[in-house]
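**Q** Below are the structure tokens for one structure; questions will follow.
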Amino acid sequence: PVVNFAAGGISTPADAAEMMLLGCDGIFVGSGIFKSEDPLQRASAIVLATAYWDSPEVVYEAQEMVNEQKAMLGLTGPEMKFSMQERGADS
């Protein structure tokens with residue numbers, strides 16, 4: 001048998017529960033915890049959701065433990081700039 005772990009992009013309790021639902025044997029969470037506003041609270045919530053992934057009520061409670069309204073430290077996206085390629089004789 002092959003053990004299947006998931007890593008990368010997991011930052012919420014719901015993400016963790018979804019990976020378990022999809023058949024993973026375990027998950028790795030790095031910056032999703034360490035760059036959050038409250039790492040201990042987020043880690044506790046992710047552990048809870050991972051352990052009880054098959055209980056929607058518990059996963060919901062775990063998700064409610066974390067604040068998704070604030071950006072994670074150092075993970076804000078770059079500003080999007082809109083530009084069009086110039087063509088023709090006037091460019």
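Readers should treat all values here as calculations from the given coordinates under stated rules, not as data from a laboratory. Because the structure is a prediction, the values reported are computed rather than measured. Note that we place each Cβ from the backbone using ideal geometry, even for glycine, and neighbour counts take in every protein chain shown.
**Q** Please give the length that would be gained between V58 and E37 if that part of the chain were fully extended, namely 0.36 nm times their separation in residues minus their C-alpha to C-alpha distance (nm, one decimal).
**A** 5.4 nm
**Q** Ok, one more. Cut-off is 10 Å between beta-carbons; in what order do L48, L22 appear when sorted fewest neighbours first?
**A** If I rank by nearby Cβ atoms, fewest first, I get L22, L48.
**Q** A further question on this structure: Which distance in nm do the two modelled labels at M65 and L22 give, with both placed 7 Å along the Cα-to-Cβ direction?
**A** 2.2 nm
**Q** For segment 1-60, report the translational diffusion coefficient in µm²/s to the nearest whole number, using Stokes-Einstein at 20 °C, 1.002 mPa s, and a Kirkwood Rh over Cα pairs.
**A** It diffuses with D of about 188 µm²/s by this estimate.
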